[in-house]
1. Under a Cβ-Cβ cut-off of 13 Å, what is the net charge of the residues other than residue 38 that fall near it, where Lys and Arg count +1 and Asp and Glu count -1?
2. Calculate, in nm to one decimal, what residue 48 and residue 158 gain on full extension: separation in residues at 0.36 nm each, minus their alpha carbon distance.
3. If you project the alpha carbons of region 69-184 onto their three principal axes, what span does each projection cover, largest first, in Å?
4. So what is log10(I(q)/I(0)) for region 7-114 at q = 0.20 1/Å, when the Debye sum runs over its Cα atoms only?
5. Counting heavy atoms of the protein chains only and a 1.4 Å probe, report the per residue accessible area for the chain as a whole number of Å².
6. Take residue 221 and residue 40, extend 7 Å from each Cα along the Cα→Cβ direction, and tell me the distance between the two endpoints in nm.
7. Add +1 for every Lys or Arg and -1 for every Asp or Glu among the other residues with Cβ under 13 Å from the Cβ of residue 174, and state the total.
8. Note down the nm distance, to one decimal, between modelled labels 7 Å out along Cα→Cβ at residue 151 and at residue 4.
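The values are calculated or read from the model by the stated rules, or taken from the named source; none is laboratory data. The shown structure was predicted, so the numbers you read here are calculated from the model rather than taken from an experiment. Cβ atoms come from the backbone with ideal geometry, glycine included; neighbour counts cover every protein chain shown. Keep in mind that these areas ignore ligands, DNA and RNA; they rest on the heavy atoms of the full protein, side chains included. Shrake-Rupley method; radii C 1.70, N 1.55, O 1.52, S 1.80 Å.
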Amino acid sequence: MNRNRRLLGFVGTGLVLLGWQLVGTTGVLGPAIAAPLAIVTGIAHDGLGFYGRHVPITLASALVGYGWGNVAAIGCAALVMVTPSLEKLLLQVGIASACVPLVAIAPILAACFNGPVTSAVMAAVSVFFTTLVGTINGLRRADPTAEDLVRAYGGGRFLVLRKVQLRAALPGILTALKIAVPASILGTVIGEFMGQQRGLGAALVVAQQSSDVARTWGITLVSSLIAGLAFALVGITERLATSWATTTTGASA
């Protein structure tokens, strides 16, 4: 069964690429669609000389924003558990950060910050809500019996949070961190649209202005590959760090 599914997946992917190649080569949908072979050739031609100047800038900004945004989200979620009266306020802040279009706040942030700081802030805003909700849900999955036991021995809310809730929330936190990875890359690239000289977003703007269709698609593909690889890396970390959760779930079943 799994072999058949994989075969169907490969066949489907091949058909999509073939159709894409035909559309890009013939130009039936206009000049804005580049053929896959042209995109790959363009990436190979640009090579490290081009992407080596831009990818590290994007990665650095995305990593800084990803780190600060997630730290803020996890901290706010912990604060909600310790001070429940703040939940409504913090969730409203998170919802606002998720609902406001990134392209709308990017010019404002660009006016307030300089260069890569804008991209890092955009990445932080992009990941905040996802991690906030995932962490709160995880913290609330803690075993009530374990919480009562800690309280029975004189433990307060901070001790319950540290001894019981954070451990129970680890699978949810790591899942949220995994989902937040592509969002951080997207936020960083959009932030780099705002007049920066280096970074994949800045290179994308230049490619669009010069009507270099193949390079535009190539930058988009490279950005997607980076997001996919980072997503897979966090996914592997999640499986290694929460293998106990799978075992416990299986034993309980």
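1. Taking every other residue near residue 38 into account, the sum is -1.
2. Length gained between residue 48 and residue 158: 34.7 nm.
3. 53, 26, 21
4. Normalising to I(0) and taking log10 leaves -1.07.
5. Values: 14490 Å² over 253 residues.
About 57 Å² of surface per residue is accessible.
6. For the pair residue 221/residue 40, the computed spacing is 0.7 nm.
7. Computed value for this residue: +2.
8. Taking the simple label geometry, residue 151 and residue 4 are separated by 5.3 nm.
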